[in-house]
Amino acid sequence: MKTILFATSNPHKVREGNKIAREFGIRFEQINVDYPEIRDENIRKIAAEGVKFVFERIKKPVIVEDTGLFIDALNGFPGPYSAYVYKKIGCEGILKLLQDSDNRDAEFITAIGFKDSSTLRIFEGRISGTISKEKRGTAGFGYDPIFIPKSLDKTFAEDPEMKDRISHRRNAFYKFCQWFSNHLR
Ligand code: IMP
């Protein structure tokens, strides 16, 4: 089992990452190292700058992960501001912003940044879906109670096993683990 550090304050992210990593003989270990989230439209850049900052501090191979919820009818808002918006207005606030909207399409995008002494790499995962009319389910975290993946009818918070199988995070971590297994050789 190869252990790699994951700088985040969110244990849900580590748990979800480890579900996939196990298949590859990899384990993520959470470390709480704060890093500045730069203001940018592009979450790949946010992850890249974040992981460079953390690597400079700890000088060990490490990943960071940045996720955004991009809502069509709001021109991609909250996107890179998803954490701030969640803190300020939560799922209820998003539902209010969309109350008169027929277009409820949205996308989660996750970017994982990896850095060691020689390499900086970014891995992206996405999932399309819709924003529900009301909060449903109690599992997961963040916007999980209002996100329904395309062609399904349950929110991530109602069906966490489904989330683990298909989520934006799964897609990004799968790509990372595939690459990292080879990078180790
Ligand atoms: P960050 O990647 O920690 O900056 O997360 C941005 C915001 O999106 C936070 O409010 C998280 O709670 C939320 N978020 C991140 N990942 C997920 C997810 O998988 N499901 C639902 N909400 C998420």
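The values are calculated or read from the model by the stated rules, or taken from the named source; none is laboratory data. The structure displayed is predicted, hence computed values, not measured ones. For neighbour counting, all protein chains shown are included, and Cβ atoms are generated from backbone atoms with ideal geometry for every residue, glycine included. We work out accessible area using only protein heavy atoms, side chains counted, and drop any ligands, DNA or RNA first. Shrake-Rupley method; radii C 1.70, N 1.55, O 1.52, S 1.80 Å.
Only a single criterion out of (1) among the small types (Gly, Ala, Ser); (2) in a helix (DSSP H, G or I); (3) exposed (fewer than 15 other Cβ atoms within 10 Å of the Cβ) is not satisfied by residue 48, namely (3). Of the residues contained in the range 127-144, one or more are found to be open to solvent by less than 30 Å² (accessible area, probe 1.4 Å) and of a type in the set (Asp, Glu). Cβ separations smaller than 6 Å between residues 6+ apart or across chains give the following pairs from the range 43-66 residues that are touching a residue at least 24 places away in the same chain (Cβ under 8 Å) and on the phi < 0 side of the Ramachandran plot to residues that are within 13 Å of the ligand (Cβ to nearest atom) and hydroxyl-bearing (Ser, Thr, Tyr): 50/35; 54/35.
Every condition in (1) in contact (Cβ under 8 Å) with a residue 40 or more places away in the chain; (2) over 11 Å from the mean Cα position of the chain (by Cα) holds for residue 87 except the one numbered (1).
You will find that of 29, 23, the residue that is touching a residue at least 12 places away in the same chain (Cβ under 8 Å), in contact with a Cys (Cβ under 8 Å, 6 or more places away or on another chain) and either charged (D, E, K, R) or open to solvent by 60 Å² or more (accessible area, probe 1.4 Å) (or both) is 23 and no other.
Does residue 124 count as open to solvent by 10 Å² or more (accessible area, probe 1.4 Å) and either touching a Cys at 6+ places or on another chain (Cβ under 9 Å) or touching a residue at least 24 places away in the same chain (Cβ under 8 Å) (or both)? Judged against the criteria, residue 124 is a match.
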